[in-house]
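Data first, discussion second: the structure below is written as structure tokens.
The values are calculated or read from the model by the stated rules, or taken from the named source; none is laboratory data. All figures in this text were calculated on a predicted structure; none of them were measured in a lab. A quick note on method: Cβ atoms are made from the backbone with ideal geometry, for glycine too, and the neighbour counts reach across all protein chains shown. These accessible areas exclude ligands, DNA and RNA; they are computed on the full protein's heavy atoms, side chains included. Shrake-Rupley method; radii C 1.70, N 1.55, O 1.52, S 1.80 Å.
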Amino acid sequence: MMLLVDAGNTRIKFGWHDGQQWICREDISHEALGAVNFTRFGTPHRILVAHVASEPVRLRLLQMLVPWMDRTEWLKAEFERCGVRNLYADPTRLGADRWAAAIGAWHRVKGACVVVSAGTATTVDAIDEHGSFLGGLILPGHGLMQRALASGTAALPLAEGQCVPFPQNTHDAIETGIRYAQAGAVERFRGQMPFGTTVVLSGGSASALAPLIAPPRLDFPNLVLEGLLNIVRSET
Ligand SMILES: Nc1ncnc2c1ncn2[C@@H]1O[C@H](COP(=O)(O)OP(=O)(O)O)[C@@H](O)[C@H]1O
Ligand SMILES: CC(C)(COP(=O)(O)O)[C@@H](O)C(=O)NCCC(=O)O
Ligand SMILES: [K+]
């Protein structure tokens, strides 16, 4: 059994894979971490973790994984892995989740693509036709943008609006502004790539963005877990 872990700033995603198929995938809050039973599908023989969450979450995970320390790797972005070359100025500074997502997207598309992860932050990354990770954007995610407006202004609420072409109330104005900001960044970034480049879309807020992203678009939930699986499989 392989256990893949994607510890993001809001949610922790787990995937158990038996070498043939996903046995189970789970998505939990940081607070629920203590209740996860890592051995419920048998003893994992390999564990790979992409962690970008806080230090307390890292320590809690580390503590829980102690019995399998000998077979656990905490993924760090590096210069090259699984056919993807990382052109970040300091490759190790790239978030481990972005690195795993890039590897997952490259394995699926095998061509130039824009990799979008709409989570706590929204990241928008470019891979060229040779598998080089060219770099990318970091924006506040959908929820962060909502909360920034609510906490940083006197009058704005935590928006519960719709995305509409010409917003005529405050809630719709915020909701539409946020979605256009996110989708606008993605489409502008894609404009730097060859015409017809695919956007690979993932993350907990992906559904809010999807209708605003033109084809070609590949919806790829659990992209980070898939990338982690690609990495583990490349070892054998
Ligand atoms: N059940 C849920 N609980 C919390 N957030 C959710 C849920 N479903 C979707 N979301 C949205 O998805 C985001 C988390 O997405 P995710 O890709 O897991 O982020 P991260 O990797 O940064 O933890 C939240 O900020 C929220 O906007
Ligand atoms: C950009 C991120 C905060 C995204 O985190 P997430 O939204 O997935 O929780 C994370 O990938 C990170 O901390 N990256 C390190 C800095 C970098 O990638 O340049
Ligand atoms: K993200």
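Pick from the range 84-107 the residues that are open to solvent by 40 Å² or more (accessible area, probe 1.4 Å) and assigned to a loop (DSSP other than H, G, I, E, B): which of them is nearest to ligand 3 (Cβ to nearest atom)?
Here the answer is Y88.
Tell me whether the range 143-158 contains one or more residues that are surrounded by 16 or more Cβ atoms within 10 Å (Cβ to Cβ), in contact with a Gly (Cβ under 9 Å, 6 or more places away or on another chain) and part of a loop (DSSP other than H, G, I, E, B).
Kept after step one, since they are surrounded by 16 or more Cβ atoms within 10 Å (Cβ to Cβ), are these residues of the range 143-158: 143-146, 149, 156.
Checking which are in contact with a Gly (Cβ under 9 Å, 6 or more places away or on another chain) leaves us with 143, 145, 149.
Imposing the further condition that a residue be part of a loop (DSSP other than H, G, I, E, B) reduces the set to none.
Looking for residues that are surrounded by 16 or more Cβ atoms within 10 Å (Cβ to Cβ), in contact with a Gly (Cβ under 9 Å, 6 or more places away or on another chain) and part of a loop (DSSP other than H, G, I, E, B), one finds none in the range 143-158, hence no.
Failed condition for A77, given (1) within 16 Å of ligand 3 (Cβ to nearest atom); (2) open to solvent by less than 60 Å² (accessible area, probe 1.4 Å); (3) not in a loop (DSSP other than H, G, I, E, B); (4) not β-branched (V, I, T), with all others met?
Answer for A77: the failing condition is (3).
Just to be sure I understand the filter: pairs with C-beta atoms under 8 Å, separated by 6 or more residues or on different chains, first member in the range 1-17 and away from ligand 3 (no atom under 16 Å from the Cβ), second member among the polar types (S, T, N, Q) and not in a strand (DSSP E or B). Which pairs pass?
Listed pairs, sorted by first residue: M1/T43; G15/N222.
Condition first: of a type outside the set (D, E, K, R), open to solvent by less than 20 Å² (accessible area, probe 1.4 Å) and part of a strand (DSSP E or B). Now tell me which residues in the range 1-27 satisfy that. Lay out the reasoning, then the answer.
Applying the first criterion (of a type outside the set (D, E, K, R)) to the range 1-27 yields 1-5, 7-10, 12, 14-17, 19-24.
Now drop any that are not open to solvent by less than 20 Å² (accessible area, probe 1.4 Å), which leaves 2-5, 7-8, 12, 14-17.
Across the range 1-27, the qualifying residues are M2, L3, L4, V5, A7, I12, F14, G15, W16, H17.
Could you check how many residues of the range 28-37 are hydroxyl-bearing (S, T, Y) and open to solvent by 50 Å² or more (accessible area, probe 1.4 Å)?
Step one: filter the range 28-37 for residues hydroxyl-bearing (S, T, Y), giving 29.
The next check asks that each one be open to solvent by 50 Å² or more (accessible area, probe 1.4 Å); those that pass are none.
Number satisfying all stated conditions: 0.
Assuming R93 fulfils every condition listed in (1) more than 15 Å from L228 (Cα to Cα); (2) touching a Pro at 6+ places or on another chain (Cβ under 7 Å) apart from one, which condition is it?
(2)
Quick check on this structure: which one of G131, G203 is open to solvent by less than 30 Å² (accessible area, probe 1.4 Å), on the phi > 0 side of the Ramachandran plot and either more than 16 Å from ligand 2 (Cβ to nearest atom) or under 15 Å from the mean Cα position of the chain (by Cα) (or both)? Break it down into steps so the answer makes sense when it comes.
Working: G203 fails: open to solvent by less than 30 Å² (accessible area, probe 1.4 Å).
Going through G131, G203 in turn, just one is open to solvent by less than 30 Å² (accessible area, probe 1.4 Å), on the phi > 0 side of the Ramachandran plot and either more than 16 Å from ligand 2 (Cβ to nearest atom) or under 15 Å from the mean Cα position of the chain (by Cα) (or both): G131.
Applying the selection to the range 206-236, what residues are within 16 Å of ligand 3 (Cβ to nearest atom), of a type outside the set (A, V, I, L, M) and surrounded by fewer than 22 Cβ atoms within 10 Å (Cβ to Cβ)?
If we filter the range 206-236 for residues that are within 16 Å of ligand 3 (Cβ to nearest atom), which is where we start, we get 206-210, 213, 219-228.
Now drop any that are not of a type outside the set (A, V, I, L, M), which leaves 207, 219-222, 226-227.
The answer is S207, D219, P221, N222.
Identify the residue in the range 172-198 that is open to solvent by less than 30 Å² (accessible area, probe 1.4 Å) and within 16 Å of ligand 1 (Cβ to nearest atom) and, among all such residues, is farthest from V124 (Cα to Cα).
Among those that are open to solvent by less than 30 Å² (accessible area, probe 1.4 Å) and within 16 Å of ligand 1 (Cβ to nearest atom), it is I174.
For the range 56-74, enumerate the residues that are within 17 Å of V224 (Cβ to Cβ) and either open to solvent by 90 Å² or more (accessible area, probe 1.4 Å) or not hydrophobic (A, V, I, L, M, F, W, C) (or both).
Within the range 56-74, the first condition is being within 17 Å of V224 (Cβ to Cβ), and the residues that meet it are 57-58, 61, 72-74.
R58, T72, E73, listed by residue number.
Being surrounded by fewer than 23 Cβ atoms within 10 Å (Cβ to Cβ) and more than 15 Å from ligand 3 (Cβ to nearest atom) is the filter here; which residues of the range 116-128 pass it?
A126, D128
Looking for whichever is within 16 Å of ligand 1 (Cβ to nearest atom) and either among the small types (G, A, S) or at negative phi (or both) here; the options are V66, V57. Which one fits?
Going through V66, V57 in turn, the sole match is V57.
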